[in-house]
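The values are calculated or read from the model by the stated rules, or taken from the named source; none is laboratory data. Every value quoted in this text rests on a predicted model; they were computed, and no experiment measured them. We place every Cβ from the backbone using ideal geometry, glycine too, and count neighbours over all the protein chains shown. To get the accessible areas, we keep the full protein, side chains included, count just its heavy atoms, and leave off ligands, DNA and RNA. Shrake-Rupley method; radii C 1.70, N 1.55, O 1.52, S 1.80 Å.
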Amino acid sequence: MSRERMESGVRVVILLTVGIMAGAAAFTHVHDLTVAHGQPDWIGWANAVAVELMAIYLGLEIRARRRAGRPVGMVAVLLVAFALLSLAAQVAEAEPSVWGWIVAAVPSLAFLALVKVVLSSAPAVPPAPEPDQPQVDWYDEPEQVEPTPPAPVMPPASAAVLPPLGVIQPNRPQVVGIIR
């Protein structure tokens, strides 16, 4: 077994261990907080599943969208929102002290850190080219064509050119009249 494969295997084991432990702590805190605020036990588990699995799903969705070259902004905002919801439940269940809050926040912060590391290590894959497009043009930028300005409109040669209004022309009789 090569060194790289062994390192990769160790990384996966660490990722899964931290993810499972963080998930277990987060599930428990969300469940307990839900039940402490008057919801039945089954709703406590439903809330825990919804909050924690949404965070995992959204992380996977970001990765899939990046591979497809699609935007990830809204999904990333939702991921942060669900992670903060989990973090809030963990902190709310903690002993009311700074150290209690810090220790309770560790699972959510570890999960967020792992998601960030895993998602940022995903290689960027360019979008697949259209099949009918020649291979040479697959990754080239389209040419920018500057629009040509319209040609000035010239009156036909047979049209009489009149002087601007108010200009007196020499050698022309001036007619001043009153229109009734």
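Here are the numbers:
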{"read-out": "Computed label-point distance, nm, for sites W101 and H37 using a 7 Å Cα→Cβ extension", "value": "1.7 nm"}
{"read-out": "Area of H29 that stays accessible when all protein chains are in place (1.4 Å probe, Å², to 10)", "value": "40 Å²"}
{"read-out": "Listed residues V75, V10 arranged by accessible area, highest first, probe 1.4 Å", "value": "V10, V75"}
{"read-out": "Protein-only accessible surface order, largest first, of V51, V35, V117 at 1.4 Å", "value": "V117, V35, V51"}
{"read-out": "³J(HN,Hα) computed for each position of the range 45-50 - Karplus, 6.51 cos²θ - 1.76 cosθ + 1.60, integer Hz, glycine/proline x", "value": "5, 4, 4, 4, 4, 4"}
{"read-out": "S2 accessible area, assembled protein chains, probe 1.4 Å, Å²", "value": "50 Å²"}
{"read-out": "Gain in span if fully extended, A76 to A92, counting 0.36 nm per residue against the direct Cα distance", "value": "3.4 nm"}
{"read-out": "Of every Cα-Cα pair in the range 2-59, the percent that sits beyond 13 Å", "value": "65 percent"}
{"read-out": "Whole-Hz ³J(HN,Hα) from phi, Karplus 6.51 cos²θ - 1.76 cosθ + 1.60, for the range 67-82, glycine and proline x", "value": "4, 8, x, 9, x, 10, x, 5, 5, 5, 5, 5, 4, 4, 4, 5"}
